[in-house]
Amino acid sequence: MISRQPRLETIAALMVDGDAHDARLLQQMLRGFSLASVSVAVTGAQALAELREGHFGLCIIEADLPDMTVTSLVRRIRALEPPQRAIPVLVLTGHASLKGIAAARDAGAHLVLRKPLSPRILLERIRWALTASRLFVDSSRYAGPDRRFRFAGPPFGLERRHPA
């Protein structure tokens, strides 16, 4: 099985994190992956403004934002004009309840990742989100990647993270 790897050096990423320390750590990881650029927004409102003005190929959101819930931000991203509305969205959370994971997924997030997160796992999940052939669903009740992959597991060669 030949896997097409995304050329990360062509991807501009937007990080959304209100915690300066966590944002710096994540930004260092993303720069280590050789992404074309990494922009940082500290609030959901700032992230939406950045997405309206620039072209990003990836959005990584910390679940705890100072001005809105992560589900609200993801829904607002999915309401943007193309192509930004279909951007891969990864949500990072330090307290991943099943209800919170389902809410982020149902809002249109591609993946929800539990922190702490190793650089290897983050890189694998970024590549997965960028290369997955999931259809973008656009209906009156939902906009986002097709959610019907639950039982397929991660792509070949990727490990599923075990519950703590």
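The values are calculated or read from the model by the stated rules, or taken from the named source; none is laboratory data. Not measured: the values here are computed from a predicted model. With ideal geometry, Cβ positions are generated from the backbone for all residues, glycine too; neighbour counts draw on all protein chains shown.
Scan segment 96-125 for residues that are touching a residue at least 12 places away in the same chain (Cβ under 8 Å) and touching a Lys or Arg at 6+ places or on another chain (Cβ under 9 Å) and report the count.
12
I'd like the full set of residues that are under 21 Å from residue 125 (Cα atoms), among the hydrophobic types (A, V, I, L, M, F, W, C) and touching a residue at least 60 places away in the same chain (Cβ under 8 Å), limited to segment 61-86.
74
Limited to segment 28-54, what total is found for residues that are touching a helix residue (DSSP H, G or I) at 6+ places or on another chain (Cβ under 8 Å) and assigned to a loop (DSSP other than H, G, I, E, B)?
Count: 5.
Just a yes or no: is a residue in segment 40-50 of a type outside the set (A, V, I, L, M) and either farther than 19 Å from residue 26 by Cβ or surrounded by 19 or more Cβ atoms within 10 Å (Cβ to Cβ) (or both)?
Yes - at least one qualifying residue is present in segment 40-50.
Can you pull out the residues in segment 124-164 that are at pLDDT below 85, assigned to a loop (DSSP other than H, G, I, E, B) and basic (Lys, Arg)?
Result: 134, 147, 148, 160, 161.
Can you tell which of 121, 60, 101 is buried (at least 19 other Cβ atoms within 10 Å of the Cβ) and either in a helix (DSSP H, G or I) or modelled with pLDDT of 95 or more (or both)? Outline the logic, then answer.
Working: 121 fails: buried (at least 19 other Cβ atoms within 10 Å of the Cβ); 101 fails: buried (at least 19 other Cβ atoms within 10 Å of the Cβ).
On inspection, the qualifying residue turns out to be 60.
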